[in-house]
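Contents: one structure, followed by commentary.
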Amino acid sequence: MAASSRAQVLDLYRAMLRESKHFSAYNYRMYAVRRIRDAFRENKNVKDPVEIQALVNKAKRDLEIIRRQVHIGQLYSTDKLIIESQEKPRT
């Protein structure tokens, strides 16, 4: 993988994780983080540039979906779960 492609993938990975942490619902937030990590780990050994570009394009579409869902979730916020009050903020 070319250096620019690797940097692009890492930036996309970070953006998806960062955006998914804005979900107001705990279950959606944890599912999104887990699913993003699993998907990127699953495809970390892909070498074909065409397939990498297809995966990057899919991830960009997924990032836009996450952004829309976060926005919708903020319109219809819910009460925090008990487990959320026990979480310590990660630095």
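Where only DSSP H runs of four or more residues are counted, the chain gives -24500 deg cm²/dmol as its mean residue ellipticity at 222 nm, each run worth -39500 (n - 2.57). Expressed in units of 2.2 N^0.38 Å, where N is the residue count, the Cα radius of gyration of the chain is 1.23.
Here is the list for the range 3-86: chymotrypsin sites (Phe, Trp or Tyr not before Pro) lying in DSSP coil, each with at most 16 other C-beta atoms within 10 angstrom of its C-beta, are Tyr76. Karplus-derived 3J(HN,Hα) values for the range 13-22, using 6.51 cos²θ - 1.76 cosθ + 1.60 with θ = phi - 60°, are 4, 5, 5, 5, 5, 4, 5, 5, 6, 8 Hz; glycine and proline are entered as x. Based on C-alpha pairs under 8 angstrom that are at least 6 apart in sequence, the chain has a relative contact order of 43 percent.
Throughout, read-outs are computed from the coordinates displayed, never taken from laboratory work. These numbers were taken from a predicted model, which means no experiment stands behind them. Glycine gets a Cβ as well: all are built from the backbone with ideal geometry, and neighbour counts include every protein chain shown.
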